[in-house]
Every structure is written in structure tokens, then in C-alpha cells.
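J.: Quick one: structure below, then a few questions.
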Amino acid sequence: MTKQKKITLAFILILLFLLLAGFVYFLFLKKDSPLSQNPTSFDAKSETTWTKVQSQPQILGSEGYPEDIRDFLETIRGKESFQWNGDRTRTYQYLKENFPDERGDVLYAIYVAFMEFNSKSEQIQNLQELTDYERLTEINRLKETIFPESIAKRIFLPHPITAKETLLLFMQDYVHKNPYSYSKERKRAFLKKKKELYQGDRFEHSSWESSEFRTNLIQLIYGREMEPMTELEKISFVRDRIEELDSDFWN
């Protein structure tokens, strides 16, 4: 075999190796983000307006826009699904008829963004490899990616019960990932997350904590210590911890 043929053969082998490596990467290693599996639902009518809304989010607070924007979006969603059989064109026509000038375009752009968020959120909810807390974290990250903060606050009104539910999911996730940790570590993680979530009026947040919620938290934090206890001992132990509501456990 001549030197030239050897060089050509080597080049072909290297090329085949690179092609095979690329095929293996895309087939087995590359995992698409759940947020990029489907094409965006934005269209020509909404994309330009949405770009403007993102740079001027205060526009939604102007006169002539719905007061309860979340309820309004859900109403339009119902009309599109059941009255107009999913025809997005009918949605746009309806909004332009009821909100002439720029308002119709702005509401349509926000509606399309809202539907995009719902679609991507559903994809995340179906990811079985994630824990409940990880799904919630991904959905919150998606919300921050799609909506300017001022618009997100108008669509997704904050409520004290949200912080409570997030805290419980966080502790379930922490215990799941740290099964051999003891109460000292778990309590430290709990208090740190609680401080982060319970911003503002701490007592208002605490007023939404039911006895079931507190019992679940105690069982998560003290789970390892409670393992050797009898059922009666566990009941007494949980009751004692609940009586610590005014101590540093909840502060």
C-alpha cells in the first residue's frame, strides 16, 4: 500500500470515527431541555408586541386593562378551548373587537405568553425523573424566563400558602437526597429555607400553617430520631415539638 493510500485510509477512518462519535452523542448523551422540545407558540401577531411589553411591563397597569388579569386570561383560555375549538385566530379577533387600539395586541401577546408557560409547565410536570420540588423549581425558573417580574406578579398573585407548600416540598426533597442526615442538619436547612420564603410578615405566613403541615415537617426533620420509637412515643414527641411554636424552631 502506497503512502498516499495510507494517508487517505487514515483520513477516512478518522472521519468515520467523528461521525460515529457525533451519532452516539446525539442518540444517547444529549438531553434536550424540556423547555426547548416544542417550537414556541408565539406568532407574527404577538412576537413583536411581546418584545415591547417585556421592555415596558408597566403598560399592563394602564387604564383600560382588566383588573384581574389571571381571571381574564383563564376566561379567554376557556373560550378558545371550548367555543372556538382551539382557533387562535378567533382569540385575536375577539380581543381586538373588545380592546381596540394597542390594548388588544398587548393582551393577545400576554395571552400567548401565558399559554406558552402553561404548555411548558405541563411538560415539566410530566418529567418523572424530577422530584416535586425540582418540578416546582423548574416551573418557577420558567416563569422568570418568560415574564417580566411586574407582569408575573399580576398574573401569579403571591399568597402565603404558596410559601408553606414550597417549604414542605423543599424538606421532602432534602430528606430524599440526604436520607442519612440527622435533625440538626435538617433543621438548619429548614430554618434557612423558611427565612428565604417567609419574607415580609412572618406571623401572617405562620397563620397559614395547619397542624397537619407542622406534623409533617416534624416527621421529616426528626425522622431518623423517631425511627426506634413506638407509636405512642412518636405521638408524644410530635406533640412536644408542636408546643415549641414560640421557640427558635419556628423562628
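J.: How many residues does region 76-95 contain that are assigned to a helix (DSSP H, G or I) and without any contact (Cβ under 8 Å) to a residue 12 or more places away in the chain?
T.: Within region 76-95, the first condition is being assigned to a helix (DSSP H, G or I), and the residues that meet it are 76-83, 88-95.
Checking which are without any contact (Cβ under 8 Å) to a residue 12 or more places away in the chain leaves us with 78, 80-83, 89-90, 93.
Total meeting the criteria: 8.
J.: Identify, please: which residue in region 93-109 is within 14 Å of GLU80 (Cβ to Cβ) and among the hydrophobic types (A, V, I, L, M, F, W, C) and is, among those, surrounded by the most Cβ atoms within 10 Å (Cβ to Cβ)?
T.: The selected residue is LEU107.
J.: Another question about this same structure. Among the residues that make up region 181-194, is at least one of them over 30 Å from ILE76 (Cβ atoms), surrounded by 14 or more Cβ atoms within 10 Å (Cβ to Cβ), in contact with a Lys or Arg (Cβ under 9 Å, 6 or more places away or on another chain) and among the small types (Gly, Ala, Ser)?
T.: Yes, some residue in region 181-194 is over 30 Å from ILE76 (Cβ atoms), surrounded by 14 or more Cβ atoms within 10 Å (Cβ to Cβ), in contact with a Lys or Arg (Cβ under 9 Å, 6 or more places away or on another chain) and among the small types (Gly, Ala, Ser).
J.: Here is a further query. Please verify whether ASP240 is under 29 Å from the mean Cα position of the chain (by Cα), modelled with pLDDT under 95 and acidic (Asp, Glu), treating the condition exactly as stated.
T.: Details: under 29 Å from the mean Cα position of the chain (by Cα): no; modelled with pLDDT under 95: yes; acidic (Asp, Glu): yes.
Criteria not met by ASP240.
J.: Could you pull out the residue among PHE213, PHE147 that is within 24 Å of ASN118 (Cβ to Cβ) and either in contact with a strand residue (DSSP E or B) (Cβ under 9 Å, 6 or more places away or on another chain) or in contact (Cβ under 8 Å) with a residue 24 or more places away in the chain (or both)?
T.: Values: PHE213 fails: within 24 Å of ASN118 (Cβ to Cβ).
After ruling out the rest, the residue left standing is PHE147.
J.: Looking for something at pLDDT below 50, of a type outside the set (Lys, Arg) and within 22 Å of ALA152 (Cβ to Cβ) - is there at least one such residue anywhere in region 13-33?
T.: yes
J.: Among the residues of region 220-242, write down those that are free of Cβ contacts under 8 Å to residues at least 24 places away in the same chain and either closer than 18 Å to THR166 by Cβ or part of a loop (DSSP other than H, G, I, E, B) (or both).
T.: Selection gives GLU227, PRO228, MET229, THR230.
J.: Now, a different point. Can you find a residue that is closer than 18 Å to ILE151 by Cα, touching a Lys or Arg at 6+ places or on another chain (Cβ under 9 Å), at pLDDT 90 or above and open to solvent by less than 20 Å² (accessible area, probe 1.4 Å) anywhere in region 63-74?
T.: The answer is yes; a qualifying residue exists.
J.: Considering ALA163, ALA152, which residue is open to solvent by less than 40 Å² (accessible area, probe 1.4 Å), farther than 28 Å from GLU243 by Cβ and part of a helix (DSSP H, G or I)? Step through it out loud before you land on a result.
T.: On the way: ALA163 fails: farther than 28 Å from GLU243 by Cβ.
Result of the check over ALA163, ALA152: ALA152.
J.: Is there a residue in region 113-136 that is part of a loop (DSSP other than H, G, I, E, B), hydrophobic (A, V, I, L, M, F, W, C) and either open to solvent by 60 Å² or more (accessible area, probe 1.4 Å) or within 20 Å of ILE151 (Cβ to Cβ) (or both)? It would help to see each step written out before you state the result.
T.: Pass one, region 113-136, residues part of a loop (DSSP other than H, G, I, E, B): 126-131.
Okay, now just the ones that are also hydrophobic (A, V, I, L, M, F, W, C), so 127, 130.
With the extra rule that they be either open to solvent by 60 Å² or more (accessible area, probe 1.4 Å) or within 20 Å of ILE151 (Cβ to Cβ) (or both), the set shrinks to none.
No.
The values are calculated or read from the model by the stated rules, or taken from the named source; none is laboratory data. As the structure is a computational prediction, the values presented were derived from the model and not from experiment. As a convention, Cβ positions derive from the backbone with ideal geometry for all residues, glycine included, and neighbour counts pool all protein chains shown. These accessible areas exclude ligands, DNA and RNA; they are computed on the full protein's heavy atoms, side chains included. Shrake-Rupley method; radii C 1.70, N 1.55, O 1.52, S 1.80 Å.
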